[in-house]
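The values are calculated or read from the model by the stated rules, or taken from the named source; none is laboratory data. As the structure is a computational prediction, the values presented were derived from the model and not from experiment. Here the Cβ positions follow ideal geometry from the backbone for every residue, glycine too, while neighbour counts run over all protein chains shown. Just so you know, the surface numbers come from the protein's heavy atoms only, side chains and all, with ligands and any DNA or RNA stripped out. Shrake-Rupley method; radii C 1.70, N 1.55, O 1.52, S 1.80 Å.
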Amino acid sequence: MLKKEFLDVLNQKLSLISDKEREDIILEYGTYIDDKIAGGVAEEEAVAGFGDVDELVKDIDVQEVREKNI
């Protein structure tokens with residue numbers, strides 16, 4: 001999967017969190033991918049490093065809930 005596709009899927013799956021938080025998360029992951037590519041890692045490999053998108057979204061959702069309860 002390429003960066004654009006990954007970020008599009010991630011954005012769609014994060015639809016339950018606020019627009020601002022979602023934009024911040026997408027920016028963070030996009031920057032991470034860009035940094036990996038700049039370091040010589042193939043785009044597909046940089047994206048694959050995140051693992052399954054559904055599992056990633058679950059982790060993000062859990063983290064968002066924890067931060068709101070602090």
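Apart from one condition, Ile70 fits all of (1) modelled with pLDDT under 95; (2) part of a helix (DSSP H, G or I); the exception is (2).
Taking each residue of segment 44-70 that is among the acidic types (Asp, Glu) and looking for partners that are at pLDDT 65 or above and part of a loop (DSSP other than H, G, I, E, B) with beta-carbon atoms closer than 7 Å, six or more apart or interchain, yields Glu44/Met1; Glu44/Leu2; Glu64/Ile17.
For residues that are of a type in the set (Val, Ile, Thr) and buried (at least 16 other Cβ atoms within 10 Å of the Cβ), scanning just segment 18-52, find the one that is nearest to Gln63 (Cα to Cα). Looking at the filtered set, the residue picked out is Ile25. A search for C-beta distances below 7 Å between a residue of segment 11-25 that is over 18 Å from Asp54 (Cβ atoms) and any residue that is open to solvent by less than 40 Å² (accessible area, probe 1.4 Å), counting only pairs 6+ apart in sequence or on different chains, returns Glu21/Glu64. Among the residues of segment 42-51, is there at least one that is farther than 15 Å from Lys4 by Cβ, of a type in the set (Val, Ile, Thr) and either assigned to a helix (DSSP H, G or I) or modelled with pLDDT of 95 or more (or both)? Looking through segment 42-51, none of the residues is farther than 15 Å from Lys4 by Cβ, of a type in the set (Val, Ile, Thr) and either assigned to a helix (DSSP H, G or I) or modelled with pLDDT of 95 or more (or both).
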